[in-house]
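**Q** Sharing a structure here in structure tokens format.
Values quoted throughout were computed directly from the atomic coordinates according to the rules given, and no laboratory measurement underlies them. Worth saying up front: this structure is predicted, and the values here are computed from it rather than measured. Neighbour counts are summed over all protein chains in view; Cβ atoms, including those assigned to glycine, are modelled from backbone coordinates with ideal geometry.
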Amino acid sequence: MTDHYDSLETRDPAEREADLFAWLPHVLRKAIATPGYARHLAGIDPLAITSRAALAKLPLLRKSELPALHKAAPPFGDFVGGHAGSFGRLFTSPGPIFEPEPVHADPWRGARALFAAGFRAGDVVLNTFSYHLTPGGFIFDSSARALGCAVIPAGPGNAEAQFELIEAYRPVGYSGTPDFLKILLDAADSAGRDITSIKRALVSGAAFPKSLQDEIKSRGVDAYQAFGTADLGLVAYETSARGGMVVNEHLIFEIVRPGTGEPVPEGDVGEIVVTSLDPEHPWIRLALGDLTAALPGMSPCGRSNMRIKGWMGRADQTTKVKGMFVRPEQVADIGKRHPELGRLRLVVARDGETDAMTLKAECASPSDALREQLAASLRAVARLGGAVELVAPGSLPNDGKVIADERPVG
């Protein structure tokens, strides 16, 4: 039994990079043919975007902007070619954001993630993601069927009915949230039902801390994590190496400094930005609002694509101070005005009954003059005054946070 889904997973990284950027101009041409991308990427020459440096100069399309864009030009904000009837299924996610499902095989790119978790053709899979309006259930359903598995479309809840299905069909695989897997295991123990046929799982959609990982493992289920979105499908997935998550094929994955589109140095925490190469429904620099960091080197499992640490929080750190919004983009603007600085972090706290800001800045050569210049930049950019604290290089946490709201809740 092979350890890899196909040869794409183990190709030389330089070959993968060349393939991705050879295909990107074609996808960009398809994208710019839509009114939405024509406006968003006005003046861009697709043939010139053949490297990461060139791609990084394109504007971000923020997922947080999609509800307004879709409302202004329903259903897809003019960012999708053709019409709704040219797709297979049509979904909605909170916002609302409207997502079409392309008609080709494995449209959500999940088969290789299931394969990495030990699923194989002929397996029976209990899929407990919701099939109602949102794409979660169909993402894992279509991915499992593309792999050659039979799927029980169970959805979440109704444990008693699930026990009957499990005892009848004896699925070896589970897909769903880790929380619901624990609920099923606990309820089966309490009710004396046999669900021991389930030996492996691909979980997503909720935190999977080590304590829960260890408990699930101790109960005979080998569970792996995947990171995905309703727009892109499965973006990265865990493998047998248990060393972070491997980025999926046919995606260009960037990690940028929050509030900007600028890639961070390798190892730094930043916001996930994804460009997909599906010409039926391309995404060009979609900023997800989620944080992660790249891991060095290749996975011991032999897969050669970029590895990430997994989900590390949210990048959207916008907060309100004295009735005014302060955004990560403003902190980034201050950094551009003072390129001699390292990481910046704007700490928001309370001074008695008043909001107070302190801009912490890594600096190799602190001075009163620089402190005064930074205070002036903070006031000019944020239109609010605040203290400035110059700190040693490398002393601020590498967690992707540029605004830390430390005010007490409640």
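**Q** Which lysines have a Cα less than 19 Å from the Cα of K336, not counting those fewer than 8 places away in the same chain?
**A** K57, K360, K401
**Q** Going by alpha carbons, how many degrees (0 to 90, nearest 10) lie between the helix axis of 178-191 and the longest principal axis of the chain?
**A** Approximately 40 degrees, to the nearest 10.
**Q** Then there's this: Most mobile of E101, E167, E238 per a Gaussian network model of the chain (Cα springs, under 10 Å)?
**A** E167
**Q** Still on this structure, I have one more. Give me S197, S204, S51, S143 sorted ascending by neighbouring Cβ count inside 10 Å, so fewest comes first.
**A** The most exposed by this proxy come first: S51, S197, S204, S143.
**Q** If you rank T229, T92, T319, T128 by fewest surrounding Cβ atoms within 10 Å, what's the result?
**A** Least to most surrounded, the residues fall as T92, T319, T229, T128.
**Q** Can you give the % of DSSP beta bridges in the stretch 319-405 that are antiparallel, to the nearest 5?
**A** Taking every DSSP beta bridge within the stretch 319-405, about 60 percent pair in antiparallel fashion.
**Q** Suppose R0 equals 60 Å; then what is the FRET efficiency for S395 and S130 from their Cβ-Cβ distance, rounded to the nearest 0.05?
**A** 0.85
**Q** Going by Cα centres, the stretch 77-122 and the stretch 335-371 are how many Å apart?
**A** For the stretch 77-122 versus the stretch 335-371, the Cα centre distance is 44 Å.
**Q** So for the stretch 319-405, considering every pair of alpha-carbon atoms, how many percent are separated by more than 22 Å?
**A** 18
**Q** Sum -39500 (n - 2.57) across every DSSP H segment of at least 4 residues in the chain, then divide by the residue count to get the 222 nm mean residue ellipticity, nearest 500.
**A** About -8500 deg cm²/dmol.
**Q** Let me ask something else about it. Reachable lysines from K199, Cα under 21 Å, same-chain residues fewer than 8 places away excluded?
**A** K182, K210, K217
**Q** Continuing with the same structure: Under the Kirkwood approximation applied to all pairs of distinct alpha-carbon atoms, what is the hydrodynamic radius of the chain in Å?
**A** 23.2
**Q** For the stretch 381-392, take each phi angle, set θ = phi - 60°, evaluate the Karplus expression 6.51 cos²θ - 1.76 cosθ + 1.60, and give the result in whole Hz per residue in order, putting x for glycine and proline.
**A** 7, 8, 6, 9, x, x, 7, 10, 10, 8, 10, 5
**Q** A further question follows. Mind checking the angle between helix 13-32 and the chain's longest principal axis? C-alpha axes, 0 to 90 degrees, to the nearest 10.
**A** 80
**Q** Continuing with this model, one more query. Based only on other Cβ atoms within 10 Å, what is the fewest-to-most ordering of H83, H40?
**A** H83, H40
**Q** Along the stretch 147-161, what does the Karplus equation 6.51 cos²θ - 1.76 cosθ + 1.60 (θ = phi - 60°) give for ³J(HN,Hα), rounded to whole Hz, x for Gly and Pro?
**A** 7, x, 8, 8, 10, 8, x, 6, x, x, x, 6, 4, 4, 5
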